[in-house]
1. Working only within segment 67-78, note down all residues that are over 15 Å from ARG38 (Cβ atoms) and exposed (fewer than 12 other Cβ atoms within 10 Å of the Cβ).
2. Considering only segment 24-74, state which residues are more than 14 Å from ligand 1 (Cβ to nearest atom), at pLDDT below 95 and either polar (S, T, N, Q) or closer than 16 Å to VAL93 by Cβ (or both).
Amino acid sequence: MHSLLRQGLLRQGPLTQGLLREFSEGVIRMKPYLIERRCPAQETMCTLIAACPAGAVAYIKDEQAPLGGRIAFDYEKCDGCGKCLSACCGQAVELR
Ligand code: SF4
Ligand code: SF4
């Protein structure tokens, strides 16, 4: 399963519910990564910021970013619960 995760094959596949259960039960702990081409990077519409129980997701203004900002994960706060996988409005989160 881990090799499939690394390849991103389970991100949206039929095993996602089982995967989420394993995350919620603490069986698997991985880090979330953003697929930036799928993300509109808008603070007001980002569902991840409120959904993350650890407060590990934030909008950061970035003049170098195409849309003037980006969504970022704080890996010091993130405990790898996996809730952002289903909360993302653009299916832009991948767990590795
Ligand atoms: S919910 Fe996902 S796609 Fe939507 S703005 Fe936030 S990170 Fe980007
Ligand atoms: S894996 Fe959990 S703690 Fe980490 S950013 Fe996603 S929702 Fe927050």
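The values are calculated or read from the model by the stated rules, or taken from the named source; none is laboratory data. Everything numeric in this text was worked out from a predicted model, so none of it was measured. Positions of Cβ are backbone-derived with ideal geometry, glycine not excepted, and every protein chain shown enters the neighbour counts.
1. GLY68, TYR75, GLU76
2. Within segment 24-74, SER24, ILE28, ARG29, MET30, LYS31, GLN64 meet the criteria.
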